[in-house]
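A quick write-up on the structure given underneath.
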Amino acid sequence: MATQYRFSFGPWNLHEGADPFGPPVRPSRSFEEKLQIAQRLGFHGIQFHDDDVIPADLPAPQMEAAVAVVKRMLEDHGLEAEFIAPRLWEDPRTGDGPVTSNCAQERAYAIDRSKRAVDIAHMIGTKDIVWWPAREGTYIREAKRATESFAYMLDYANALLEYDSSIRILGEMKPNEPMDLMYMPTTGHFLAFCYKTIDPSRTGVLIESAHAILAGLDPSDEMAYALWHDKLWSVHLNDQNGLKYDQDKAFGTVDIRRAFNQVWVLEQAGYGAKGEWVGLDVKAMRTQPHDIAWRHLENSKEIFFQLVEVARRVDPNEIQDFRDQRDYEGLELLIVKQLMGLR
Ligand code: 3MF
Ligand code: MG
């Protein structure tokens, strides 16, 4: 049976348009308004950083009531929380890592803060913790000892798995930005790491299309490899125009065939049937007017569904014939014509 896909995005995907060279160009939206947009566009999940839910380091006694307010707002809009990701890259204590920081107190802060993210996850009703190790790398290699850094990363993951026996950790790997070089630049690195943890069955990956592209890899093959490990637990679909800054362009808007291949892999694997989300991580262009600065989300979803249609339309027998005849030129034309709507 064909999968019914469920979509999610993060509050940071509806943003004010600031970039490293200019301030915001659009007014902020309230959280309530973001939820209204999610509901109106047919999304069912919201991705959260810990401090998207409640202020970072809010005293424990106040946490439960504060999270309950957000949970109620989600429910009022027919939405669920997909995951909580501890935002370990904005606080001054997280500048050198913090999981791989040379400072023991900063490493401790990373673990404490992430345990609180686990508590938030519990309260809001998700078991998934996403770990984008934004600053777990270096600007210069001599700054840290790499083998020690890997060990710290393992200690960190184990501490969270041990803290709560129901949570899962989804590593979201990226080769660079904000750091020059990351310790675990690709999904493959993290997959190997999963098997070193105290519970590999609760350690998997979230793959972002653009992160794979930035590593010079094909996102669909990355997804297939994680699927083969039974560890593709979420995705961040988007697009990226070559090896530049992280663009988070709407899905399929740069390379439609590369996007098709991702959809095809997901379709063939029955992705979504076990509740896996189709997450987006996309940004509106800085030029987009405020009142329509949600089109990037709507368009990504529409392009995804158009590609699902193509994937369901291509005739497997025809593909097999081309494969049998070794006529990959013919197969290529078939796919390109399908994508051009000519078949
Ligand atoms: C950076 C990202 C992040 C993560 C997010 C959730 C800010 O390139 O993709 O977005 O997706 O932190 O893990
Ligand atoms: Mg992402």
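The values are calculated or read from the model by the stated rules, or taken from the named source; none is laboratory data. Worth saying up front: this structure is predicted, and the values here are computed from it rather than measured. A quick note on method: Cβ atoms are made from the backbone with ideal geometry, for glycine too, and the neighbour counts reach across all protein chains shown. Note: areas computed on protein heavy atoms with side chains; ligands, DNA, RNA excluded. Shrake-Rupley method; radii C 1.70, N 1.55, O 1.52, S 1.80 Å.
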Just to be sure, is ARG145 open to solvent by 30 Å² or more (accessible area, probe 1.4 Å), in contact with a helix residue (DSSP H, G or I) (Cβ under 7 Å, 6 or more places away or on another chain) and more than 26 Å from HIS296 (Cβ to Cβ)? no
Provide a single number: the residues in the range 238-297 that are in a helix (DSSP H, G or I), under 18 Å from VAL25 (Cα atoms) and of a type outside the set (A, V, I, L, M). 4
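Got a sec? Which of PRO133, PRO61, PRO98, PRO55 is out of contact with any Pro (no Cβ under 7 Å at 6 or more places or on another chain) and assigned to a helix (DSSP H, G or I)?
Just a single option satisfies the conditions, and that option is PRO61.
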Filtering the range 42-69 for residues that are touching a strand residue (DSSP E or B) at 6+ places or on another chain (Cβ under 7 Å) and among the charged types (D, E, K, R) leaves a count of 1
Across the range 265-299, which residue is farthest from GLU222 (Cα to Cα) among those that are open to solvent by less than 30 Å² (accessible area, probe 1.4 Å) and aromatic (Phe, Trp, Tyr)? TRP277
Of the candidates TYR156, TYR152, TYR139, TYR183, the one satisfying the condition of being touching an Asp or Glu at 6+ places or on another chain (Cβ under 6 Å), more than 24 Å from GLU80 (Cα to Cα) and crowded, with 16+ Cβ neighbours inside 10 Å is TYR183
Of all residues in the range 31-90, which are among the polar types (S, T, N, Q) and crowded, with 17+ Cβ neighbours inside 10 Å? GLN47
When only residues in the range 1-28 that are over 19 Å from ASP291 (Cα atoms) and of a type in the set (S, T, N, Q) count, which is most open to solvent (accessible area, probe 1.4 Å)? GLN4
Check GLY125 against each of (1) at positive phi; (2) open to solvent by less than 40 Å² (accessible area, probe 1.4 Å); (3) small (Gly, Ala, Ser) and name the one condition it does not meet. (2)
Between VAL69, VAL99, VAL25, VAL53, which is free of Cβ contacts under 8 Å to residues at least 24 places away in the same chain and among the β-branched types (Val, Ile, Thr)? VAL69
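I'd like to know if the range 191-198 contains one or more residues that are in a helix (DSSP H, G or I), among the aromatic types (Phe, Trp, Tyr) and out of contact with any Pro (no Cβ under 6 Å at 6 or more places or on another chain).
Of all residues in the range 191-198, those in a helix (DSSP H, G or I) come to 191-194.
Now drop any that are not among the aromatic types (Phe, Trp, Tyr), which leaves 193.
Checking the rest, the ones that are also out of contact with any Pro (no Cβ under 6 Å at 6 or more places or on another chain) come to 193.
Within the range 191-198, one or more residues are in a helix (DSSP H, G or I), among the aromatic types (Phe, Trp, Tyr) and out of contact with any Pro (no Cβ under 6 Å at 6 or more places or on another chain).
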Looking only at residues that are more than 22 Å from PRO20 (Cα to Cα) and within 10 Å of ligand 1 (Cβ to nearest atom) in the range 230-247, which one is surrounded by the fewest Cβ atoms within 10 Å (Cβ to Cβ)? SER234
